[in-house]
Amino acid sequence: MTSDPDLKVNPPGAHRTEQDRRRALWAAMFGTLIEYYDFYLYALVAAIALGPLFFPQADPTVGLIASFATLAVGWFARPVGALIMSLVGDRLGRKNVLLITVLLMGIATFLIGILPTYSSIGVAAPIMLVFLRTIQGLAAGGEFAGALLMSVEYARPNRRGRASTATTFGQYGGIILANVVLLAVSLLPEEQFMDWGWRVPFLASAALLAVGVLLRARVKETPVFEAARKTSGLSERPVTGMIRTQRRPLLRLVGVMLIVATATAFYTSYLPAYAIQSDFSASAALAMSLVGTIVGFVVAPAAAAASDHLGRRRVASIGAVLNPFLVWIAFESVGQGSLFFVIVAGVLAALAQSLVLGPVAVWVSEFFPTRYRYSGASIGYQVSSAIGAGIFPLAAASLMAAAGGPPHFGLVVAYVAVIAAVSLVAMHFSPETSRATFADLDGDEPQESAGSRAQGGRSEDPPTTGPTHATRRKVDP
């Protein structure tokens, strides 16, 4: 086999073959597909079934809010999972985390499929549901960053956006698969669906888990991480070191990601629930989500690839500006009362999410040097997910109820507009990194460490040799 010449930008020992690159991309994509199938399957079932099954004492609106509260638990567990997995990812490698996350997610999802409901065991049922949702959140917390870094750290320097589409395809593929399987079982008579049909998609995840573990066990560690390990470029305390020396990049990343997380929650969980509240069937709501996700499956990778040429900031900013308008039109479309316009609403909601997800997904991997990359990307991504996606369905349902219910959605659109404004400010102050190599990004670390020492702190790790000042300007805001 011949080593890939495009990887020679890395230090000696970092080379991988083209076969290694393809295997890494497949492992990243399929593993992410499993994670997002499992995680968003719960979000979809929460919108149509979990309320009456696990919170039957509440009226329909309160039951929906309660089911969204269990959904939020998973999102709030994700930063904790990110923290735990980061300790492994930046010290022992990306591959090890990816095996742990896919196993945790698959086991928790299968157990939800066999969980007794409130009618069988009473209050223990929602307690166990919350516990398993927490396990899902912990697994998801470490997944995205690991899969993303597995793909982009294998990529050619000018094609990281294109390489990141492996995880993007996995995300949308998992959501599409969850929609397809749940849509199929939702066609059962309602009594059968509520009795056992909703369990089938959760139980089916066992087959996906087996394939995912097999793929990830065969992949090699990323060349960038291996190079850092061979040159003693890793951190002994990646999380504390990242927080001490990378606070500004971390805060910027959280701000940039807020609109992505909010838009994701809107189209995957809140909009289907809104359609059902507007007297559409569960099948119609799932069809809306499915068609929209197929659109996102195409648009998000295209936006990521475009960011290689136009820049991460420019493409992401366009998506952030368009988000509140697309959300408003999606609500209006549902209000038209026809299945066609409900499908249009799903397409618009997916556009709102995919236009920002595409460029931001790869941008996440470029905010931090190698020794802190897993910790920074994972913690920043999941903190913003908890704030954005964790709070949004609950807040939107509460705002809608306070306004009088459908079709009074003005407060929800205003909420999205505020989040978009915060993300636009963060994007403005974030570095443009589309043309920087990982060596350039590592070269910014001494500058951060020097800043930390100037504030009276002590550098967590010895600085690495960085690029010249002229090279650093490539990644400055």
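The values are calculated or read from the model by the stated rules, or taken from the named source; none is laboratory data. Everything numeric in this text was worked out from a predicted model, so none of it was measured. Using ideal geometry, Cβ is built from the backbone for each residue, glycine included, and neighbour counts are taken over all protein chains shown. Ligands, DNA and RNA are excluded from the accessible area calculation, which covers all protein heavy atoms including side chains. Shrake-Rupley method; radii C 1.70, N 1.55, O 1.52, S 1.80 Å.
Could you identify the single residue in ASP440, ASP476 that is under 25 Å from SER317 (Cβ atoms) and modelled with pLDDT of 80 or more?
Details: ASP476 fails: modelled with pLDDT of 80 or more.
Answer to the selection: ASP440.
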*Is it the case that some residue within the stretch 66-88 is over 21 Å from GLY376 (Cα atoms) and at pLDDT 80 or above?*
yes
*asked:* Suppose we keep only residues that are over 19 Å from LEU44 (Cβ atoms) and part of a helix (DSSP H, G or I) within the stretch 105-119. Which one would you say is least open to solvent (accessible area, probe 1.4 Å)?
replied: TYR118
*Quick one: HIS408 ticks every box in (1) at pLDDT below 85; (2) more than 30 Å from TYR154 (Cβ to Cβ); (3) in a helix (DSSP H, G or I) bar one, so which box is it?*
(3)
*asked:* Any residue in the stretch 144-171 that is farther than 25 Å from ILE84 by Cβ and in contact (Cβ under 8 Å) with a residue 24 or more places away in the chain sitting within a Cβ distance under 7 Å of a residue that is of a type in the set (Val, Ile, Thr) and open to solvent by 10 Å² or more (accessible area, probe 1.4 Å)? List the pairs, counting only those 6 or more apart or interchain.
replied: PRO157/VAL9; PRO157/THR437
*asked:* Just to be sure I understand, how many residues within the stretch 89-104 are more than 12 Å from ARG216 (Cβ to Cβ), part of a helix (DSSP H, G or I) and either modelled with pLDDT of 75 or more or among the basic types (Lys, Arg) (or both)?
replied: 1
*Would the stretch 31-42 turn up any residue that is at pLDDT below 75 and touching a helix residue (DSSP H, G or I) at 6+ places or on another chain (Cβ under 6 Å)?*
no
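Pick out, from the stretch 120-194, the helices (runs of 4 or more DSSP H) lying fully within it that include 3 or more residues that are among the β-branched types (Val, Ile, Thr) and crowded, with 16+ Cβ neighbours inside 10 Å. Give the derivation first.
Working: elements: 124-152, 160-163, 165-186.
Answer list for the stretch 120-194: 124-152, 165-186.
What about THR101, is it within 21 Å of SER378 (Cβ to Cβ), open to solvent by 10 Å² or more (accessible area, probe 1.4 Å) and touching a helix residue (DSSP H, G or I) at 6+ places or on another chain (Cβ under 8 Å)? Outline the logic, then answer.
Numbers: within 21 Å of SER378 (Cβ to Cβ): yes; open to solvent by 10 Å² or more (accessible area, probe 1.4 Å): no; touching a helix residue (DSSP H, G or I) at 6+ places or on another chain (Cβ under 8 Å): yes.
Criteria not met by THR101.
Would you check if there is a residue in the stretch 421-433 being over 15 Å from LEU258 (Cβ atoms), outside any helix (DSSP H, G or I), in contact with a Leu (Cβ under 8 Å, 6 or more places away or on another chain) and polar (S, T, N, Q)? Reasoning before the result, please.
As a first pass, look at the stretch 421-433 and keep what is over 15 Å from LEU258 (Cβ atoms): 431-433.
Within this subset, residues satisfying the condition of being outside any helix (DSSP H, G or I) are 431-433.
Remaining after also requiring in contact with a Leu (Cβ under 8 Å, 6 or more places away or on another chain): 433.
Then keep just the ones that are polar (S, T, N, Q); that gives 433.
Among the residues of the stretch 421-433, at least one is over 15 Å from LEU258 (Cβ atoms), outside any helix (DSSP H, G or I), in contact with a Leu (Cβ under 8 Å, 6 or more places away or on another chain) and polar (S, T, N, Q), which makes the answer yes.
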*Just a yes or no: is a residue in the stretch 259-282 under 30 Å from GLU432 (Cα atoms) and open to solvent by 50 Å² or more (accessible area, probe 1.4 Å)?*
no
*Out of the residues in the stretch 235-261 that are modelled with pLDDT under 85 and among the polar types (S, T, N, Q), state the one that is farthest from GLY376 (Cα to Cα).*
SER235
_Conditions (1) modelled with pLDDT of 80 or more; (2) on the phi < 0 side of the Ramachandran plot; (3) over 27 Å from the mean Cα position of the chain (by Cα): number failed by PRO462_ = (1)
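From the list ALA14, ALA24, which residue is modelled with pLDDT of 70 or more and in contact with a helix residue (DSSP H, G or I) (Cβ under 6 Å, 6 or more places away or on another chain)? Explain how you work it out, then say what you get.
Numbers: ALA14 fails: modelled with pLDDT of 70 or more.
Testing whether each residue is modelled with pLDDT of 70 or more and in contact with a helix residue (DSSP H, G or I) (Cβ under 6 Å, 6 or more places away or on another chain) leaves just ALA24.
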_Residue among PRO272, PRO249 that is in a helix (DSSP H, G or I), in contact with a Gly (Cβ under 8 Å, 6 or more places away or on another chain) and not polar (S, T, N, Q)_ = PRO249
*Residues of the stretch 274-304 being of a type in the set (A, V, I, L, M, F, W, C) and touching a Ser or Thr at 6+ places or on another chain (Cβ under 7 Å), which ones?*
ALA282, LEU286, VAL299, ALA300, ALA303, ALA304
*the stretch 375-402: number of residues that are farther than 13 Å from PHE76 by Cβ, out of contact with any Leu (no Cβ under 8 Å at 6 or more places or on another chain) and not hydroxyl-bearing (Ser, Thr, Tyr)*: 3
*Output the qualifying pairs, or none if there are none: Cβ atoms under 6 angstrom, residues six or more apart or on different chains, first residue in the stretch 405-416 and within 16 Å of ILE65 (Cβ to Cβ), second residue open to solvent by 20 Å² or more (accessible area, probe 1.4 Å) and outside any helix (DSSP H, G or I).*
PRO406/SER278
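Please go through the stretch 269-285 and pick out each residue that is touching a residue at least 60 places away in the same chain (Cβ under 8 Å) and farther than 20 Å from LEU394 by Cα.
Looking only at the stretch 269-285, we keep the residues that are touching a residue at least 60 places away in the same chain (Cβ under 8 Å), and these are 269-278, 280, 282-283, 285.
Within the stretch 269-285, PHE280, SER283 qualify.
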